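Okay, so here's the structure we're looking at.
All of the numbers you see were taken from the coordinates with simple rules; none came from a lab. For clarity, every value in this text was computed on a predicted model and none was experimentally measured. Counting neighbours? That spans all protein chains shown, and the Cβs are built from the backbone with ideal geometry, glycine included.
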Amino acid sequence: MKGYSLKELREAAPFLLPLTIFIVAFILVPVLGTIVDSMYLDVTFLKTRFTGLGNYLWMINNPGFWQSLGFTLLFVLVSVPLEIILGLIFALLLNENTAVRGLLRACVLIPWAIPAAISARTWELIYNYNHGLANFFWTKLGNSTSPINWLGSELGAFTSLVIADAWKTTPFVAIIILAGLSAIPEELYRQAQVDGANLFQRFSKISLPLIRPALIVALIFRTVDALRIFDIVYVLTHGGPGGATTSLSLYGYNYFLIGDFGYGSAVSVVLFFIAFILSITYVKIGRFGEELR
Amino acid sequence: MTEQQIKRLLIVAGSLFMLIFSLAPFFYMIATSLSSNPYFLSAASKLSLTLNNYHAILTTPSLHFLDYLRNSLIVSAVSAVFTILIACLAAYSLTRLKIPGKLFILFFVLAVSMFPQISLISYLFKVMTEVGWVNTYSALILPYIAWTLPLSLWILVSYFNQIPQDLDKAGLIDGCSRWQILRRIILPVAAPGIFSTTLLAFIFAFNEFMFALMLTTDYHARTIPVGIALFQGLHGQTPWGNIMAAATLSTLPLVILTLIFQRRIIQGLTRGALKG
């Protein structure tokens, strides 16, 4: 290795060793183990044997898999743009120099800090058909005869999950975009105002291009996170009604639960590669690496 | 209306919406926890305040609320401390020492943080079963350390990068070893950043759900998010009052931390995500 003396490497090794051990032992080895296991017929109480791509073949012929893949992708497609737009609006508001800025920021952060599984319980009550907050407002809005079956209908369950997820994750998006916004010098806006640019022009011509890196970062993190959605689905809809909201994570988990580790692993591997390919693509498109230096 | 007035109107209306959107579920949770009837919104009933729900979860041992909360606090705190120790060592070497492929290491760790948890869980479950650790703190703490390391490393690297290299050089000239420089010079200077990162690692561990769901079986190690998610009533009907009281009490520490350290949390999150 050119330019690196053995002495320097030996000096650095102990500092990096604990990190390496933990990442390898508790993340890399388990992922490899899952990939290997996905090629075995591995069901509790049955003799484990190699099946090659058997689990994958079964998967592509299994409607349950396609339903759950479809839901997961649709969920990403709907919730991520919604969260980015809401997060952008929140960030613009939080960037304003108002007297209560600190308090506003703290309040907006609260949903982010509360564990999703706990807030999902609150959403479960909010969506309660007879007594929940959601239908309380819905019927007050003049729909007194037709409350929404939030968690029991396919569209209702999907909408419920999107809203609950947006509530939990918009703060994160807002914080990331806010960092991009607050780095823009005030001068630029003042100059543009002198030149006669209106509010909207100042936003689209100055703010938007300059927060592009922040938007891409938020997009990557949110997409990967939404793809692996588990907690709120587990608590709020249990994947129902009729499997309509079973995310890939929950789909795989359900197979682990009944002891079919081989098939569950195959599902996990598919999810793993979808997340992997998507994040690589984003990084390439957004030239993420350049922004970071 | 002038542009200035329109802007002000938009800000006030938008901020109000933002506040209500963010806080309404939280207040609904608190209101239900304090209400003698969880369905106080129905036309037939009205809100009457009570502390019975809190009394119930705090004094009924079979509900295990305090066990879950204690488990969560211990597991999150221990894993946060270890994560930060390990991340400090790595961040120091990545910002100060000559190491081949530094950028690759950082991006590799970032990629690791994007792995879906479901792709680790079955293997972890098997190993933990084999060594008999299922339903112990160790079964959670070890994966949590690995799981919170990437983010912590990125944040700390960004903080350490800001500390002038001259401090190290001065230390080396004075005859300090690398360890002494880290302990006596870098750590004290970076203390505020390290504190923010510890806070974030704690919050992340406290939020974790899937590992805890799969690797614990009862109140001996089960954490509060799983405890509350699986909380069922004894008599068939969901005890909303009790659940919301438990939710309120267990989120209170996080909410207080957020309100006090809002600035630090925002700074830490931003550094982890935006700067390298």
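Values as computed for the structure displayed
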quantity: Listed residue pairs exceeding 29 Å between alpha carbons, taken from A:K7/B:K126; A:K205/B:K7; A:K205/A:K284; A:K168/B:K98; A:K284/B:K102; B:K102/B:K169; calculated: A:K7/B:K126; A:K168/B:K98
quantity: Order of A:W167, A:W123 under a 10 Å beta carbon neighbour criterion, fewest first; calculated: A:W167, A:W123
quantity: Ranked B:K126, A:K140, criterion: other C-beta atoms within 10 Å, fewest first; calculated: A:K140, B:K126
quantity: Ranked B:C88, B:C176, criterion: other C-beta atoms within 10 Å, fewest first; calculated: B:C176, B:C88
quantity: Relative contact order, percent, chain A [alpha-carbon distance under 8 Å, six or more residues apart]; calculated: 28
quantity: Selected from B:R264, B:R222, B:R184 as most flexible by GNM, with chain B as the system and alpha-carbon contacts under 10 Å; calculated: B:R184
quantity: Average other protein chain Cβ within 10 Å of Cβ, residues B:25-34; calculated: 4
quantity: Dipole magnitude of segment B:127-196, debye to nearest 20 (Cβ charges: Lys/Arg +1, Asp/Glu -1, about Cα centre); calculated: 120
quantity: Distance between segment A:185-212 and segment B:91-167 - C-alpha centres, whole angstrom; calculated: 40
quantity: Peptide-level mean, for A:9-21, of C-beta atoms on other protein chains within 10 Å; calculated: 6
quantity: Most fluctuating residue given options B:S79, B:S42, B:S15, as computed from a GNM of chain B linking Cα atoms under 10 Å; calculated: B:S15
quantity: Anisotropy class of segment A:62-292 from Cα gyration tensor, a/c 1.5 cut; calculated: oblate
quantity: Nonlocal amide H pairs with A:Y40, under 5 Å, H built at 1.01 Å; calculated: A:T51
quantity: Whole-Hz ³J(HN,Hα) from phi, Karplus 6.51 cos²θ - 1.76 cosθ + 1.60, for segment A:223-235, glycine and proline x; calculated: 5, 4, 5, 5, 4, 9, 3, 9, 3, 6, 5, 4, 7
quantity: Karplus (6.51, -1.76, 1.60) ³J(HN,Hα), θ = phi - 60°, over segment B:137-145, in Hz, Gly and Pro reported as x; calculated: 4, 4, 4, 9, 4, 4, x, 4, 4
quantity: Gaussian network model of chain A, Cα within-10 Å springs - most flexible of A:G64, A:G262, A:G242; calculated: A:G242
quantity: Chain B, helix-only ellipticity at 222 nm - DSSP H runs n ≥ 4, -39,500 (n - 2.57), divided by all residues, nearest 500; calculated: -23000 deg cm²/dmol
quantity: Residue-averaged [θ]222 nm for chain A, counting only DSSP H segments that reach four residues, each worth -39500 (n - 2.57); calculated: -22000 deg cm²/dmol
quantity: Relative contact order (%) - criterion: Cα under 8 Å, at least six apart; region: segment B:65-274; calculated: 36
quantity: Hz values of 3J(HN,Hα) by residue in segment A:44-55 - Karplus curve (6.51, -1.76, 1.60), Gly and Pro given as x; calculated: 3, 6, 9, 6, 6, 9, 6, 10, x, 9, x, 4
quantity: Within 10 Å of each Cβ in A:261-267, the average number of Cβ atoms from other chains; calculated: 2
quantity: Whether segment B:65-274 is rounded, prolate or oblate, judged on the alpha carbon gyration tensor where a/c under 1.5 counts as rounded; calculated: prolate
